[in-house]
Amino acid sequence: MLGRRQVLTAGGAALVAALSPSPVRAAPHTDPFTLGVASGDPLPEGVVLWTRLAPQPHEPAAGLPKADYPVKWQVAEDDGFTRVVKDGTATAAAAYGHSVHVDVRGLQPARDYFYRFRTDRHVSPAGRTRTAPARTASPERLRFAIASCQNYTDGWFTAHRHLAAEDLDVLFFLGDYIYEGAVTSRGGDRDDASLRLPDTFELTTDTLDLYRMRYALYRTDPDLQAAHAAVPWALTWDDHEVQDNYAAGVPRFEVPPVDFLVHRANAYRAYWENMPLRRPRRPAGPDMPLYRRLRFGDLAHAYVLDTRQYRSDQACGDGIRAACPERDQPGRTLLGPGQRKWLVDGMARSGARWNLLAQQVMMAECRYGGEAGRLDMDKWDGYPADRAAILGAAARVPGTVVLTGDIHFNYAADLRADFARPDTPPVAVELVGTSITSGGDGLDVVPKLQQQQRSSPHLRFTNGQRGYVRCELTRDTLRADFRVLSHVTRPGSPITTRATFVSERARPGLVPA
Ligand SMILES: [Fe+2]
């Protein structure tokens, strides 16, 4: 346990109260740890720990009054918590949805740790995490996975149960953690007889309360909790954390611009509250500085990108269309000028064996058929200037791997400076990971994807099943296993490796292993 019984002294209570406008309560009466625990953004010397108090996760404010609560935390070297190396008390503030973010420092690099939280008599489940290698270290390998797109109503999070059993250093989650649309009382296609959600879940999320409730619903899933408790996550968002296909300040539907910024502020705030992110990521109004770099010694630097907040509106009317002149207008951007410069400069100076670009939308050209070979204007295909800048940088530095979510299909793609020149060598590779659930059970062979492969020789593999991509980086080689489930509309699917591809750092190009 925590070593000494948690009794808040009068002095401690006064201190917490002075820092906060809300009264401090001793503890909720029923178990507040219904949403599990998480860790994220590993550094050599530390990691972020997360939990959120939610005794009634389906209720507004998760059943808590507008009061702040002290929450004790512990980090130990063993899962029995006999060797505690760090501990302290954090505040679960009502103003931040009773979330807890602990930025633990002073840990050893490249080590496993265990952590847990406590309020009075309630102890959270324990999580396992792992710090990053020392900045000066030259690790032999990095094991990671990419996952994305977990529409609760499309099926069970079985893939997360399997992710929790993988031996990973870090998990990159590439967006669509929640979906904003209606959830019926039995969870849509889950048809979960044990679930009886209130009607409020039928409302499309736009207020802070509705977003908080939506995250609480997702986080009650035991498989998702297992994946968070097994490995540190490095997360970015895509569109559904706010609204389908939004672009910076431009909503999907016609509403006054200021109304959409209020909506976006609610969404970003709930995102920060519910993710293991450091304080510098905390939003101010509708702005949230999410893009950042994580280092894994000199083996890999990961650039976690945000292709939603700063992008120009989709060209040519959005959707899958023949290219129009607007697409090529100079000044149109997917990353925004600041993030683009930061990324290009960082790649040029990184000195790492590998640069990972953990991001949302497909970078490889993908022609959808039709006479002109239609393109998806929401992807990098709609933003050719930024793509040319990034692939130009990749051509000058070996070891670029683009990690992608969004489209609910697996692709292995070679990235060329000019996709019309299949005779030229690739400058980088892209792994597009399928969804955890979005799109339902899926199919191995999808005619649309096969047609794309026929017209685009840089697309080396496609698949339409659910799952994730498990990767291993060594000094010279990337290996990627496409892990797929047979179904998600019923729980309990086994997982298999559908395909394995490798790419050499010195000679990029994905080939079957
Ligand atoms: Fe998605």
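The values are calculated or read from the model by the stated rules, or taken from the named source; none is laboratory data. Remember, predicted model here, so these are calculated numbers, not experimental data. Neighbour counts run over all protein chains shown; Cβ positions are idealised from the backbone, glycine included. To get the accessible areas, we keep the full protein, side chains included, count just its heavy atoms, and leave off ligands, DNA and RNA. Shrake-Rupley method; radii C 1.70, N 1.55, O 1.52, S 1.80 Å.
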Quiz item: In nm, what is the difference between 0.36 nm times the number of residues separating residue 196 and residue 504 and their Cα-Cα distance?
Solution: 105.8 nm
Quiz item: For region 164-243, what size does the Cα cloud have along each of its three principal axes, sorted from largest down, in whole Å?
Solution: 39, 28, 19
Quiz item: What size of dipole, in debye to the nearest 20, comes out for the chain about its Cα centre when the only charges are +1 on Lys and Arg C-beta atoms and -1 on Asp and Glu C-beta atoms?
Solution: 1480
Self-check item: Cα centroid of region 405-448 to Cα centroid of region 190-232, whole Å
Solution: 29
Quiz prompt | Ranked order, 140, 180 - accessible area, probe 1.4 Å, largest first | solution = 140, 180
Practice problem: Under 1.5 on a/c is rounded, so check that first for region 376-513, then, if it is not, pick prolate when a/b is larger than b/c and oblate when it is not; a ≥ b ≥ c are the square roots of the alpha carbon gyration tensor eigenvalues. | Solution: prolate
Practice problem: Using a/c under 1.5 as the rounded threshold, could you call region 417-491 rounded, prolate or oblate? The axes a ≥ b ≥ c are square roots of the C-alpha gyration tensor eigenvalues, and prolate needs a/b larger than b/c, oblate otherwise. | Solution: oblate
Quiz item: With Rg and the Kirkwood Rh both taken from Cα atoms, where does Rg over Rh land for region 287-351?
Solution: 1.08
Practice problem: Take the alpha-carbon positions of the chain, form their convex hull, and give its projected area averaged over all directions (one quarter of the hull surface) in nm². | Solution: 23.1
Exercise. Please report, in whole Å, how far the alpha carbons of region 61-108 spread along each principal axis, starting with the longest.
Key: 36, 20, 12
Quiz item: Computed on alpha carbon atoms, what radius of gyration and Dmax characterise region 335-440, expressed in Å?
Solution: 14.0, 44
Exercise. Let me have the 222 nm mean residue ellipticity of the chain computed from DSSP H runs of 4+ only, each contributing -39500 (n - 2.57), with the sum over all residues rounded to the nearest 500.
Key: -5500 deg cm²/dmol
Quiz item: Per the 1.4 Å probe, what fraction of the accessible area of region 344-451, in percent, lies on carbon and sulfur atoms?
Solution: 53
Quiz item: What is the chain's relative contact order, in percent, from Cα pairs under 8 angstrom and six or more apart in sequence?
Solution: 14
Self-check item: Extension gain (nm, one decimal) between residue 318 and residue 185, 0.36 nm per residue minus Cα-Cα
Solution: 44.6 nm
Quiz item: Once the Cα gyration tensor of region 23-104 is found, what semi-axes does its equivalent ellipsoid get, as square roots of 5 times the eigenvalues, in whole Å, sorted largest first?
Solution: 24, 13, 12
Quiz item: How many nm is it between the label spots at residue 165 and residue 396, if each spot is 7 Å from the Cα in line with the beta carbon?
Solution: 4.6
Exercise. Give, to the nearest whole percent, the P(r) tail of region 393-436 beyond 17 angstrom, counting all Cα pairs.
Key: 39
Self-check item: Solution diffusion estimate, µm²/s, Stokes-Einstein, region 214-362, Kirkwood Rh from C-alpha pairs, 10 °C, viscosity 1.306 mPa s
Solution: 92
Self-check item: Probe 1.4 Å, accessible area per residue of the chain, Å²
Solution: 37
Quiz item: Listed highest first by mean packing, meaning other Cβ atoms within 10 Å per residue, what order do 275-288, 293-306 come in?
Solution: 293-306, 275-288
Exercise. Normalising by the residue count of region 98-244, find the relative contact order in percent from Cα pairs under 8 Å and 6+ residues apart.
Key: 26
Quiz item: So what are the radius of gyration and Dmax for the Cα set of region 75-188, in Å?
Solution: 17.5, 52
Quiz prompt | Signed unit charges on C-beta, dipole axis of the chain, positive-most listed residue 222, 89, 508 | solution = 89
Exercise. Averaging over all projection directions, find the projected area of the Cα convex hull of region 88-149 and quote it in nm² with one decimal place.
Key: 6.9
Self-check item: Those Cys residues of the chain for which no other cysteine Cβ falls under 4.7 Å
Solution: 149, 366, 471
Self-check item: Of all accessible heavy-atom area on region 62-204, the percent that carbon and sulfur account for (1.4 Å)
Solution: 46
